[in-house]
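Report on the following structure.
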Amino acid sequence: MAAVFVYVDQFAGKALPVSWEALGVGKQIAGALGLPVVALVFGQGVDSVVAEAFHYGADKVIKADDATLKDYRLDPFVALLDKLIAEHAPAVVLAGASTRGRELLAAAAADNDAGLLADVTELSVDGGNLKATRPAYAGKVLSTAVNSGAVQFATLRSRAFPAPATDPSRTGEVITAAPALSEDQIGTKVEGIEEVKGKVNLTDAGIIISAGRGVGSADGFAPVRELAEVLGGAVGASRAAVDAGWIPYEHQVGQTGKVVSPNLYIAAGLSGSIQHQAGMRTSKVIVAVNKDPDAPIFKLARYGIVGDLFKVLPALSEVFKKKLGK
(Lines give C-alpha, C1' and ligand atoms only; values in the text may rest on other atoms or scores of the structure.)
Protein backbone atom coordinates (compact mmCIF):
# COMPACT_ATOMS: atom_id res chain seq x y z
CA MET A 1 0.00 0.00 0.00
CA ALA A 2 1.98 2.98 -1.25
CA ALA A 3 1.00 5.84 1.03
CA VAL A 4 2.14 8.64 3.30
CA PHE A 5 2.18 7.42 6.91
CA VAL A 6 1.65 9.92 9.74
CA TYR A 7 2.31 8.76 13.30
CA VAL A 8 -0.27 10.18 15.73
CA ASP A 9 1.40 10.74 19.09
CA GLN A 10 -1.17 10.28 21.84
CA PHE A 11 -1.18 9.91 25.61
CA ALA A 12 -4.08 8.54 27.65
CA GLY A 13 -6.37 8.71 24.64
CA LYS A 14 -5.58 12.31 23.76
CA ALA A 15 -3.52 13.22 20.70
CA LEU A 16 -0.87 15.92 20.80
CA PRO A 17 -1.82 18.95 18.67
CA VAL A 18 1.42 18.59 16.69
CA SER A 19 0.10 15.24 15.41
CA TRP A 20 -2.79 16.97 13.65
CA GLU A 21 -0.41 19.57 12.26
CA ALA A 22 1.69 16.69 10.89
CA LEU A 23 -1.43 15.05 9.46
CA GLY A 24 -2.26 18.27 7.60
CA VAL A 25 1.23 18.33 6.09
CA GLY A 26 0.93 14.63 5.31
CA LYS A 27 -2.26 15.33 3.39
CA GLN A 28 -0.47 17.94 1.27
CA ILE A 29 2.53 15.68 0.62
CA ALA A 30 0.23 12.77 -0.24
CA GLY A 31 -1.65 14.98 -2.69
CA ALA A 32 1.59 15.99 -4.40
CA LEU A 33 2.62 12.34 -4.71
CA GLY A 34 -0.82 11.08 -5.69
CA LEU A 35 -1.05 8.83 -2.63
CA PRO A 36 -3.44 8.35 0.29
CA VAL A 37 -2.51 9.61 3.76
CA VAL A 38 -2.67 6.95 6.46
CA ALA A 39 -2.66 7.76 10.18
CA LEU A 40 -0.91 5.38 12.57
CA VAL A 41 -2.55 5.15 15.99
CA PHE A 42 -0.83 2.94 18.59
CA GLY A 43 -2.05 2.51 22.16
CA GLN A 44 -4.87 1.04 24.22
CA GLY A 45 -8.43 2.30 24.06
CA VAL A 46 -7.68 4.65 21.16
CA ASP A 47 -10.95 4.58 19.22
CA SER A 48 -11.59 8.27 19.91
CA VAL A 49 -8.17 9.16 18.49
CA VAL A 50 -8.90 7.03 15.41
CA ALA A 51 -12.16 8.92 14.86
CA GLU A 52 -10.32 12.25 15.24
CA ALA A 53 -7.74 11.18 12.68
CA PHE A 54 -10.47 10.87 10.07
CA HIS A 55 -11.91 14.24 11.12
CA TYR A 56 -8.50 15.83 10.51
CA GLY A 57 -8.16 14.35 7.03
CA ALA A 58 -6.79 10.79 7.19
CA ASP A 59 -7.90 8.58 4.30
CA LYS A 60 -7.22 5.41 6.29
CA VAL A 61 -6.10 4.59 9.82
CA ILE A 62 -3.91 1.72 10.93
CA LYS A 63 -4.87 1.00 14.54
CA ALA A 64 -2.84 -1.12 16.95
CA ASP A 65 -4.82 -1.41 20.20
CA ASP A 66 -3.12 -3.57 22.80
CA ALA A 67 -2.03 -3.56 26.45
CA THR A 68 1.63 -3.70 25.39
CA LEU A 69 1.13 -0.34 23.69
CA LYS A 70 -0.74 1.39 26.53
CA ASP A 71 2.32 3.39 27.55
CA TYR A 72 4.96 4.54 25.10
CA ARG A 73 8.10 2.41 25.08
CA LEU A 74 10.51 2.59 22.18
CA ASP A 75 11.03 -1.16 21.65
CA PRO A 76 7.41 -2.21 20.97
CA PHE A 77 6.57 0.99 19.11
CA VAL A 78 9.52 0.92 16.72
CA ALA A 79 9.17 -2.84 16.17
CA LEU A 80 5.54 -2.28 15.16
CA LEU A 81 6.40 0.68 12.93
CA ASP A 82 9.19 -1.32 11.25
CA LYS A 83 6.75 -4.20 10.66
CA LEU A 84 4.16 -1.89 9.08
CA ILE A 85 6.82 -0.30 6.85
CA ALA A 86 7.93 -3.75 5.69
CA GLU A 87 4.35 -4.83 5.00
CA HIS A 88 3.01 -1.67 3.33
CA ALA A 89 6.12 0.04 1.86
CA PRO A 90 5.02 3.66 2.43
CA ALA A 91 6.79 6.36 0.46
CA VAL A 92 6.93 8.80 3.40
CA VAL A 93 6.66 8.55 7.19
CA LEU A 94 5.95 11.75 9.14
CA ALA A 95 5.51 12.64 12.80
CA GLY A 96 5.40 15.72 14.94
CA ALA A 97 8.73 16.57 16.56
CA SER A 98 7.51 15.70 20.06
CA THR A 99 9.83 13.80 22.39
CA ARG A 100 8.23 10.50 21.40
CA GLY A 101 7.90 11.37 17.72
CA ARG A 102 11.56 12.35 17.42
CA GLU A 103 12.77 9.18 19.11
CA LEU A 104 10.46 6.84 17.23
CA LEU A 105 11.20 8.12 13.73
CA ALA A 106 14.93 8.38 14.39
CA ALA A 107 15.00 4.72 15.43
CA ALA A 108 12.82 3.61 12.51
CA ALA A 109 14.92 5.55 10.02
CA ALA A 110 18.07 3.89 11.37
CA ASP A 111 16.44 0.45 11.23
CA ASN A 112 15.42 1.04 7.60
CA ASP A 113 18.78 2.51 6.57
CA ALA A 114 17.00 5.73 5.58
CA GLY A 115 17.55 9.44 6.02
CA LEU A 116 15.61 11.59 8.47
CA LEU A 117 14.72 15.27 8.06
CA ALA A 118 14.44 16.40 11.67
CA ASP A 119 12.53 19.30 13.24
CA VAL A 120 11.58 20.87 9.93
CA THR A 121 9.68 24.14 9.55
CA GLU A 122 8.80 23.81 5.84
CA LEU A 123 8.22 20.67 3.80
CA SER A 124 7.46 20.11 0.13
CA VAL A 125 7.99 17.60 -2.68
CA ASP A 126 10.77 18.10 -5.21
CA GLY A 127 10.94 15.51 -7.99
CA GLY A 128 9.35 12.85 -5.81
CA ASN A 129 11.67 13.58 -2.88
CA LEU A 130 10.99 15.46 0.33
CA LYS A 131 12.54 18.92 0.46
CA ALA A 132 12.74 20.52 3.89
CA THR A 133 13.75 23.78 5.52
CA ARG A 134 15.03 23.66 9.07
CA PRO A 135 16.96 25.99 11.41
CA ALA A 136 20.68 25.30 11.78
CA TYR A 137 23.57 26.72 13.79
CA ALA A 138 21.35 27.62 16.75
CA GLY A 139 18.82 29.18 14.42
CA LYS A 140 21.25 31.65 12.84
CA VAL A 141 20.63 30.23 9.37
CA LEU A 142 17.97 28.18 7.62
CA SER A 143 19.22 25.10 5.83
CA THR A 144 17.55 23.26 2.96
CA ALA A 145 17.84 19.50 2.73
CA VAL A 146 16.45 16.92 0.31
CA ASN A 147 15.68 13.35 1.32
CA SER A 148 15.56 10.36 -0.99
CA GLY A 149 15.25 6.61 -0.83
CA ALA A 150 12.54 3.97 -0.76
CA VAL A 151 11.15 5.38 2.51
CA GLN A 152 11.61 9.00 3.55
CA PHE A 153 11.24 10.14 7.17
CA ALA A 154 10.63 13.62 8.60
CA THR A 155 9.63 15.15 11.93
CA LEU A 156 7.84 18.51 11.98
CA ARG A 157 8.38 21.31 14.47
CA SER A 158 5.38 22.06 16.65
CA ARG A 159 3.29 25.09 15.58
CA ALA A 160 5.40 25.57 12.45
CA PHE A 161 2.45 24.30 10.40
CA PRO A 162 -1.28 24.99 10.80
CA ALA A 163 -3.59 22.21 11.87
CA PRO A 164 -6.13 21.32 9.15
CA ALA A 165 -9.79 22.18 9.51
CA THR A 166 -11.85 19.35 10.96
CA ASP A 167 -14.80 17.62 9.36
CA PRO A 168 -16.69 15.57 12.00
CA SER A 169 -18.61 13.75 9.26
CA ARG A 170 -15.51 12.09 7.79
CA THR A 171 -14.91 8.38 8.32
CA GLY A 172 -12.81 5.79 6.54
CA GLU A 173 -11.24 2.36 6.55
CA VAL A 174 -9.64 1.19 9.79
CA ILE A 175 -6.93 -1.45 9.38
CA THR A 176 -6.19 -3.41 12.55
CA ALA A 177 -2.55 -4.30 13.23
CA ALA A 178 -1.26 -6.71 15.86
CA PRO A 179 1.71 -5.78 18.06
CA ALA A 180 5.13 -6.87 16.86
CA LEU A 181 6.39 -7.83 20.33
CA SER A 182 4.79 -9.65 23.22
CA GLU A 183 5.18 -8.31 26.77
CA ASP A 184 7.90 -10.84 27.63
CA GLN A 185 9.95 -9.62 24.64
CA ILE A 186 10.00 -6.02 25.86
CA GLY A 187 12.96 -5.12 28.04
CA THR A 188 11.40 -2.11 29.79
CA LYS A 189 8.38 -1.87 32.07
CA VAL A 190 6.30 1.14 33.10
CA GLU A 191 5.70 0.95 36.85
CA GLY A 192 3.64 4.12 37.00
CA ILE A 193 3.24 7.65 35.71
CA GLU A 194 3.31 10.65 38.01
CA GLU A 195 1.46 13.68 36.73
CA VAL A 196 3.06 17.06 37.37
CA LYS A 197 0.32 19.49 38.33
CA GLY A 198 0.35 22.94 36.80
CA LYS A 199 3.27 22.25 34.48
CA VAL A 200 3.62 24.88 31.79
CA ASN A 201 3.22 23.73 28.20
CA LEU A 202 5.28 26.20 26.22
CA THR A 203 5.46 24.03 23.12
CA ASP A 204 1.73 24.26 22.42
CA ALA A 205 1.21 27.84 23.64
CA GLY A 206 -0.14 30.30 21.07
CA ILE A 207 1.03 33.30 23.12
CA ILE A 208 4.17 33.46 25.25
CA ILE A 209 5.36 36.33 27.44
CA SER A 210 9.05 35.82 28.23
CA ALA A 211 11.40 37.71 30.49
CA GLY A 212 15.08 37.70 31.24
CA ARG A 213 17.65 39.25 33.50
CA GLY A 214 15.83 42.59 33.28
CA VAL A 215 13.13 41.50 35.75
CA GLY A 216 15.79 41.59 38.48
CA SER A 217 14.27 38.96 40.78
CA ALA A 218 11.63 36.26 41.11
CA ASP A 219 9.13 38.93 42.17
CA GLY A 220 9.94 40.79 38.95
CA PHE A 221 7.97 38.18 37.01
CA ALA A 222 4.70 39.52 38.47
CA PRO A 223 3.87 41.86 35.54
CA VAL A 224 4.93 39.11 33.11
CA ARG A 225 2.49 36.65 34.68
CA GLU A 226 -0.26 39.26 34.77
CA LEU A 227 0.04 39.99 31.05
CA ALA A 228 0.19 36.27 30.25
CA GLU A 229 -2.99 35.71 32.28
CA VAL A 230 -4.80 38.57 30.53
CA LEU A 231 -3.85 37.25 27.08
CA GLY A 232 -4.35 33.58 27.96
CA GLY A 233 -0.69 32.84 27.28
CA ALA A 234 2.22 31.05 28.94
CA VAL A 235 5.22 32.49 30.77
CA GLY A 236 8.67 31.91 29.30
CA ALA A 237 12.13 32.86 30.47
CA SER A 238 15.73 33.22 29.39
CA ARG A 239 18.45 30.94 30.68
CA ALA A 240 19.84 33.80 32.77
CA ALA A 241 16.56 34.11 34.68
CA VAL A 242 16.39 30.34 35.20
CA ASP A 243 20.03 30.09 36.29
CA ALA A 244 19.42 32.89 38.79
CA GLY A 245 16.71 30.74 40.38
CA TRP A 246 13.92 33.22 39.66
CA ILE A 247 11.76 30.75 37.73
CA PRO A 248 11.79 26.96 37.17
CA TYR A 249 13.61 25.41 34.22
CA GLU A 250 10.36 24.24 32.59
CA HIS A 251 9.82 27.88 31.54
CA GLN A 252 13.18 28.20 29.76
CA VAL A 253 13.13 29.04 26.05
CA GLY A 254 16.28 28.66 23.99
CA GLN A 255 18.93 26.31 22.71
CA THR A 256 19.11 24.50 26.07
CA GLY A 257 15.39 24.95 26.82
CA LYS A 258 12.16 24.68 24.85
CA VAL A 259 11.87 25.46 21.14
CA VAL A 260 8.62 27.34 20.57
CA SER A 261 6.71 28.83 17.64
CA PRO A 262 3.77 30.78 19.10
CA ASN A 263 1.62 33.25 17.19
CA LEU A 264 2.81 36.01 19.54
CA TYR A 265 6.07 36.14 21.51
CA ILE A 266 6.66 39.13 23.79
CA ALA A 267 10.26 39.33 25.02
CA ALA A 268 10.59 41.65 28.01
CA GLY A 269 13.87 42.56 29.65
CA LEU A 270 15.93 39.99 27.80
CA SER A 271 18.75 40.86 25.44
CA GLY A 272 18.05 38.13 22.89
CA SER A 273 21.24 36.09 22.78
CA ILE A 274 21.80 33.71 19.89
CA GLN A 275 21.05 30.83 22.24
CA HIS A 276 17.68 32.33 23.19
CA GLN A 277 16.84 33.18 19.60
CA ALA A 278 17.40 29.53 18.67
CA GLY A 279 14.34 28.68 20.73
CA MET A 280 11.89 31.34 19.54
CA ARG A 281 12.93 32.87 16.23
CA THR A 282 10.21 31.02 14.30
CA SER A 283 7.48 32.80 16.32
CA LYS A 284 4.92 34.41 14.03
CA VAL A 285 5.06 37.88 15.64
CA ILE A 286 7.83 38.96 18.02
CA VAL A 287 7.52 42.04 20.25
CA ALA A 288 10.57 43.26 22.19
CA VAL A 289 10.47 45.41 25.33
CA ASN A 290 13.88 46.55 26.55
CA LYS A 291 15.51 49.67 27.99
CA ASP A 292 18.59 49.10 25.80
CA PRO A 293 17.85 50.21 22.21
CA ASP A 294 20.88 48.20 21.02
CA ALA A 295 19.68 44.87 22.48
CA PRO A 296 19.99 42.10 19.83
CA ILE A 297 16.34 41.12 20.30
CA PHE A 298 15.26 44.28 18.43
CA LYS A 299 16.87 42.97 15.23
CA LEU A 300 14.59 39.94 15.36
CA ALA A 301 11.41 41.66 16.55
CA ARG A 302 8.65 42.92 14.29
CA TYR A 303 7.70 45.51 16.92
CA GLY A 304 10.02 47.07 19.49
CA ILE A 305 9.33 49.18 22.57
CA VAL A 306 12.31 50.91 24.16
CA GLY A 307 11.26 51.31 27.76
CA ASP A 308 11.02 49.93 31.28
CA LEU A 309 9.19 46.61 31.32
CA PHE A 310 7.74 47.46 34.75
CA LYS A 311 5.91 50.35 33.12
CA VAL A 312 5.25 48.89 29.68
CA LEU A 313 3.84 45.49 30.67
CA PRO A 314 1.28 46.80 33.22
CA ALA A 315 0.18 49.38 30.64
CA LEU A 316 -0.28 46.63 28.05
CA SER A 317 -2.23 44.55 30.57
CA GLU A 318 -4.63 47.43 31.23
CA VAL A 319 -5.18 48.08 27.52
CA PHE A 320 -5.81 44.40 26.78
CA LYS A 321 -8.17 44.08 29.75
CA LYS A 322 -10.31 46.84 28.27
CA LYS A 323 -10.09 45.46 24.72
CA LEU A 324 -10.93 41.91 25.85
CA GLY A 325 -13.55 42.98 28.38
CA LYS A 326 -11.74 41.50 31.35
- Kindly indicate which of ALA89, ALA67, ALA79, ALA108 is among the small types (Gly, Ala, Ser), within 27 Å of ASP184 (Cβ to Cβ) and surrounded by fewer than 17 Cβ atoms within 10 Å (Cβ to Cβ). ALA67
- Query: Quick one: how many residues across the stretch 136-152 are more than 20 Å from LEU84 (Cα to Cα) and modelled with pLDDT of 90 or more?
  - Reply: 5
- Looking across the stretch 34-51 at residues that are in a helix (DSSP H, G or I) and in contact with a strand residue (DSSP E or B) (Cβ under 6 Å, 6 or more places away or on another chain), the single one that is farthest from ALA2 (Cα to Cα) is VAL49
- Message: I'd like to check something: does the stretch 203-214 contain any residue that is free of Cβ contacts under 8 Å to residues at least 60 places away in the same chain, buried (at least 16 other Cβ atoms within 10 Å of the Cβ), at positive phi and not in a helix (DSSP H, G or I)?
- Response: no
- Quick check, is LEU324 crowded, with 17+ Cβ neighbours inside 10 Å, touching a helix residue (DSSP H, G or I) at 6+ places or on another chain (Cβ under 8 Å) and more than 16 Å from ALA240 (Cβ to Cβ)? no
- Task: Pull up the stretch 175-184, narrow it to residues that are surrounded by 10 or more Cβ atoms within 10 Å (Cβ to Cβ) and not hydrophobic (A, V, I, L, M, F, W, C), then point me to the one that is nearest to ALA39 (Cα to Cα).
- Result: PRO179
- Query: Is it true that some residue in the stretch 246-261 is among the small types (Gly, Ala, Ser) and either over 25 Å from PHE161 (Cβ atoms) or more than 23 Å from the chain's Cα centre (by Cα) (or both)?
  - Reply: no
- Checked the stretch 220-234 for anything out of contact with any strand residue (DSSP E or B) (no Cβ under 8 Å at 6 or more places or on another chain) and free of Cβ contacts under 8 Å to residues at least 60 places away in the same chain; matches are ALA222, GLU229
- Only one of LYS60, LYS27 is under 22 Å from the mean Cα position of the chain (by Cα) and basic (Lys, Arg); which? LYS27
- Note on the structure: ILE193 fails exactly one of (1) of a type in the set (Val, Ile, Thr); (2) over 23 Å from the mean Cα position of the chain (by Cα); (3) over 16 Å from ALA267 (Cα atoms), namely (2)
- Task: Give the residues of the stretch 149-166 that are surrounded by fewer than 18 Cβ atoms within 10 Å (Cβ to Cβ) and of a type in the set (S, T, N, Q), sorted by residue number.
- Result: THR166
- Of the residues in the stretch 193-225, those that are of a type in the set (Gly, Ala, Ser) and under 29 Å from ARG157 (Cα atoms) come to GLY198, ALA205, GLY206, SER210, ALA211, GLY212
- Task: Tell me, please, whether a residue that is closer than 23 Å to ALA218 by Cβ, part of a helix (DSSP H, G or I) and either in contact with a Lys or Arg (Cβ under 7 Å, 6 or more places away or on another chain) or at pLDDT 95 or above (or both) can be found in the stretch 316-326.
- Result: yes
- Message: Cβ contacts < 9 Å: first residue in contact (Cβ under 8 Å) with a residue 24 or more places away in the chain and more than 14 Å from LEU202 (Cα to Cα), restricted to the stretch 270-283; second residue in a loop (DSSP other than H, G, I, E, B) and among the aromatic types (Phe, Trp, Tyr), any location; separation 6+ or different chain. Result?
- Response: ILE274/TYR137; ALA278/TYR137
- Task: Kindly indicate which of GLY101, GLY172, GLY187 is surrounded by fewer than 11 Cβ atoms within 10 Å (Cβ to Cβ) and in contact (Cβ under 8 Å) with a residue 60 or more places away in the chain.
- Result: GLY187
- Query: Before we move on, is VAL146 surrounded by fewer than 17 Cβ atoms within 10 Å (Cβ to Cβ), closer than 27 Å to SER261 by Cα and touching a Pro at 6+ places or on another chain (Cβ under 9 Å)?
  - Reply: no
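The values are calculated or read from the model by the stated rules, or taken from the named source; none is laboratory data. Small disclaimer: the values here were computed from a predicted structure and weren't measured. We place every Cβ from the backbone using ideal geometry, glycine too, and count neighbours over all the protein chains shown.
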